[in-house]
Amino acid sequence: MPAVTLSLPFAAYIARLTRMGMLDCLGADYIRTARAKGASEARVVLRHALKNAFLPVLSYLGPAAALAMTGSFVVERVFNVPGMGQHFVNAVQNKDLFLIIGVVLIYATMLILFNLAVDVMYRWVDPRIE
């Protein structure tokens, strides 16, 4: 239940972004060219269209990771799941500054690493981007 609560809004938005990207890509000239060359429909959709339709989704994953991490505080507290979010809430209630600083540093490091991974994957998906 906590995983569904945390992931459902992101899944809906990612599905919407993917759909809009696919509709945009499937009408492009390079898709028509790939079909004219005799490529199968699965190959055209997976290899050509989905790769370019995935770029907006990939751009959304960095901020989505930040929203998921901040939303985990509430989800952990509501569902009574032991985790860093619950430790952070307890540290704020007990005014434990060292634990607050430690948790904030860990979450900031995770956020930086997620955004770096998105940038690296962006370069891997579309080699034209430098």
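The values are calculated or read from the model by the stated rules, or taken from the named source; none is laboratory data. Quantities reported herein were computed from a predicted structural model and do not represent experimental measurements. Here Cβ is always computed from backbone atoms with ideal geometry, including for glycine, and neighbour counts include all displayed protein chains. When the accessible area is computed, the model is the full protein with side chains, heavy atoms only, and any ligands, DNA or RNA have been set aside. Shrake-Rupley method; radii C 1.70, N 1.55, O 1.52, S 1.80 Å.
Yes/no matrix, rows are residues, columns are (1) over 24 Å from residue 108 (Cα atoms); (2) open to solvent by 60 Å² or more (accessible area, probe 1.4 Å); (3) without any contact (Cβ under 8 Å) to a residue 40 or more places away in the chain; (4) touching a helix residue (DSSP H, G or I) at 6+ places or on another chain (Cβ under 6 Å):
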{"site": "28", "(1), (2), (3), (4)": "yes, no, yes, no"}
{"site": "46", "(1), (2), (3), (4)": "yes, yes, yes, no"}
{"site": "53", "(1), (2), (3), (4)": "yes, no, yes, yes"}
{"site": "64", "(1), (2), (3), (4)": "no, no, no, yes"}
{"site": "82", "(1), (2), (3), (4)": "no, yes, yes, no"}
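Taking the range 47-91, which residues are aromatic (Phe, Trp, Tyr) and at pLDDT 85 or above? Scanning the range 47-91 gives 54, 60, 79, 88.
Screening residue 21 with (1) under 14 Å from the mean Cα position of the chain (by Cα); (2) open to solvent by less than 30 Å² (accessible area, probe 1.4 Å); (3) of a type outside the set (A, V, I, L, M) gives one miss only, at (1).
No other residue among 6, 58 is open to solvent by less than 60 Å² (accessible area, probe 1.4 Å) and closer than 22 Å to residue 124 by Cα apart from 58. Among residues that are open to solvent by 60 Å² or more (accessible area, probe 1.4 Å) and not polar (S, T, N, Q), residue 78 is included.
Scanning the range 13-44 for residues that are small (Gly, Ala, Ser) and outside any helix (DSSP H, G or I) yields 27, 28, 38, 39, 40. For the range 91-130, the candidate set comprises residues that are surrounded by 10 or more Cβ atoms within 10 Å (Cβ to Cβ) and in a loop (DSSP other than H, G, I, E, B); within that set, the residue that is nearest to the chain's Cα centre (by Cα) is 126.
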